[in-house]
Amino acid sequence: MTASEEMIYMDNQATTRVDPRVLEAMLPYFSECYGNAASRSHGFGWEAEEATTKAREQVASLIGAKPKEIIWTSGATESDNLAIKGVVHFYKDKGNHIITVETEHKAVLDTCKALERRGEATVTYLKPKKNGLIDLDELRSEITDKTILIAVMHANNEIGVLQPIADIGRIARENGIIFFTDCAQSVGKVPVNVDEMCIDLLAISGHKMYGPKGIGALYVRSRNPRVRLTAEMDGGGHERGMRSGTLNVAGVVGLGKACELCAQEMDEEAERIKGLRERLREKLFAELDSIYVNGDLEHRLPGNLNVSFAYVEGESLLMGLKDIALSSGSACTSASLEPSYVLKSIGVGDDLAHTSLRFGIGRFNSQEEIDVVAERVIKEVRRLREMSPLYEMAKEGIDLDTVEWQHD
Ligand SMILES: *Cc1c(COP(=O)(O)O)cnc(C)c1O
């Protein structure tokens, strides 16, 4: 018995199921078509190279890029590392200042911290507003003549908010600064265009968009301006010298196919998934009081809902929902004991961060599943609140902040 037979999967910001059409496209490249895409001397190599060329076109087309601007990587973590370290190392004579945001993915934050630790860069971490979006005037005011890179993600993986990346791109372009955006959560879900948004570097991950794990891409602008990167891995000089290593041909083909499907189906799918998200939200808010959406609702991924449930213990809530795959802003599901740094950064208190759930709705979720999840969450929150003296007091109108607690 696998988890999928007994559980509802609603954690599509953590990873997505490989679309069966993607799997089908990949299969030949594990068996008959096993050539090395770098082999120039025979048909096996040509066949593999042809497949990667097609995939490059599929990925490029989805984001309005040219095929040669796509560099294959092992995923968005590697793309984030290559983009940031690659720029810092290549442009070190020009400057060493990076501007990024507190709510970026760890692959961006920890890369920046590593560069700071080694004395290779100084980093400004912008604090987002309460709705999760950054303040563009603040961004402008942090730019110095040493700033070489602005790194701001498109869609946040926890709260789903969409940063105004076209505006950020314009600000970067006007100031002659390279703009990198981690689009692991947004490519294929909402429109992204590297020219319209003045994007110079962009990270993609296969497994966040119904492709396989362990494959990703970095878009690197080739002109107006041409962006240069120092390679972070030495080897055979693959991928225009920026990322050595024999290509994962099956993975590359899978990511290409995943992009093609998203290009064809994105508009309709976004509409459908947003409908499901709104259905879930409306049901929860119709039945429960003292619950809060984290992050802006308007500038948001269609498939993300992040809600805090006051007066319940996050741990107990998740325990009661064991047959539904969800993420929480609480410690018990992750390696660390801290509440989510993203929720903290947008001003959500520890209590409400610990009782937050992230609903990640995706391509394979049905309306029936939404209804089951809504019903189960409502039931579970009510059950826990019935046992909560705090909730009782709040309902009676006692202001909990003024209560003097008895310690002994
Ligand atoms: C998942 C994710 C990553 C990491 O991608 P991998 O392909 O798993 O390495 C980076 N950034 C964001 C925003 C993500 O959601």
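Just so it is clear, none of the values below were taken in a lab; they were calculated from the coordinates. As the structure is a computational prediction, the values presented were derived from the model and not from experiment. Cβ: placed from backbone, ideal geometry, glycine included. Neighbour counts: every protein chain shown.
For the stretch 339-356, putting each phi into the Karplus relation 6.51 cos²θ - 1.76 cosθ + 1.60 with θ = phi - 60° gives couplings of x, 3, 5, 5, 5, 4, 5, 8, x, 7, x, 4, 4, 6, 5, 5, 9, 8 Hz, in residue order, rounded to whole numbers and with x for Gly and Pro. Please go through the residue pairs Lys208/Lys283; Lys257/Lys379; Lys344/Lys395 and name each one whose alpha carbons sit more than 29 Å apart in this structure. Pairs exceeding 29 Å: Lys257/Lys379.
How high is the relative contact order of the chain, in percent, counting Cα pairs under 8 Å that sit 6 or more residues apart? Once normalised by length, the contact order is 21 percent. Helix 76-90 and the longest principal axis of the Cα set of the chain meet at an angle near 60°.
When shorter helices are ignored and each DSSP H run of at least 4 residues is given -39500 (n - 2.57), the per-residue value for the chain at 222 nm works out to -12000 deg cm²/dmol.
Here the Debye sum runs over all C-alpha atoms of the stretch 1-120 as equal scatterers in vacuum, and log10 of I(q)/I(0) at q = 0.14, 0.16, 0.19, 0.20 Å⁻¹ comes out as -0.92, -1.04, -1.13, -1.16. Were the residues from Gln264 through Ser61 laid out at 0.36 nm apart, the gain over their Cα-Cα distance would be 72.0 nm.
Here the chain carries DSSP beta bridges of which approximately 55% are antiparallel, counting only pairs with both residues inside. Once C-alpha pairs closer than 8 Å and six or more residues apart are averaged by separation and normalised to the residue number of the stretch 29-132, the relative contact order reads 17 percent.
Modelled spin labels at Thr53 and Leu297, positioned 7 Å past Cα toward Cβ, are 5.1 nm from each other.
Across the stretch 109-122, computed HN-Hα scalar couplings (Karplus, 6.51 cos²θ - 1.76 cosθ + 1.60, θ = phi - 60°) run 4, 6, 5, 4, 5, 5, 5, 5, 4, 7, x, 8, 8, 10 Hz from first to last residue, x flagging Gly and Pro. Counting only lysines at least 8 places from Lys94 when in the same chain, those with an alpha carbon closer than 21 Å to its own are Lys85, Lys113, Lys146. Equivalent ellipsoid of the chain: semi-axes from √(5λ) of the C-alpha gyration tensor, largest first, are 39, 27, 17 Å. Take the Cα of Leu136, step 7 Å toward its Cβ, do the same at Lys106, and the gap between the two points is 3.3 nm. Computed from the Cβ-Cβ distance with R0 of 35 Å, the FRET efficiency linking Ala14 to Ser290 stands at 0.85. Restricting attention to the stretch 20-262, close to 40% of DSSP beta bridges with both partner residues there are antiparallel.
Here the simple spin-label model places points 7 Å from the Cα toward Cβ, and for Glu282 and Asp399 these points are separated by 3.6 nm.
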